[in-house]
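Here's the structure we're looking at; comments come further down.
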Amino acid sequence: MPASSTPERLYFGTIKEGVEPPNLIEVQLNSYVDFLQKDVPASKRKISGLQAVFKEVFPIESYDEK
């Protein structure tokens, strides 16, 4: 068998067309925008993403409450 030939593929499915792949750059950018909530006023932000981290960490309190 010559090195340039490829084996024949057998197709057993019923759907002939493939699935369109998602735009992964757009998915990543949308996730980043949701994480930052940059254009949302602080009083209207959901408790998720970066806002959730800030709510969990701040204000910083000492263990002995001083």
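All of the numbers you see were taken from the coordinates with simple rules; none came from a lab. All values reported here derive from a predicted model rather than from experimental measurement. Neighbour counts are summed over all protein chains in view; Cβ atoms, including those assigned to glycine, are modelled from backbone coordinates with ideal geometry.
Numbers for the structure displayed
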{"quantity": "Helix 24-36 vs. the chain, principal-axis angle (Cα, 0 to 90°, nearest 10)", "calculated": "10"}
{"quantity": "Among ILE15, SER5, PRO41 the positive-end extreme of the charge dipole of the chain (Cβ point charges)", "calculated": "PRO41"}
{"quantity": "Given charges at beta-carbon only (K, R positive; D, E negative), |dipole| of the chain in Debye", "calculated": "140"}
{"quantity": "Where Cα atoms sit under 16 Å apart: lysine pairs in the chain separated by 8 or more or lying on different chains", "calculated": "4"}
{"quantity": "Kirkwood-based shape ratio for the chain, expressed as Rg/Rh from alpha carbons", "calculated": "1.44"}
{"quantity": "Projected label distance in nm at ILE15 and VAL40, using a 7 Å step from Cα toward the beta-carbon", "calculated": "3.3"}
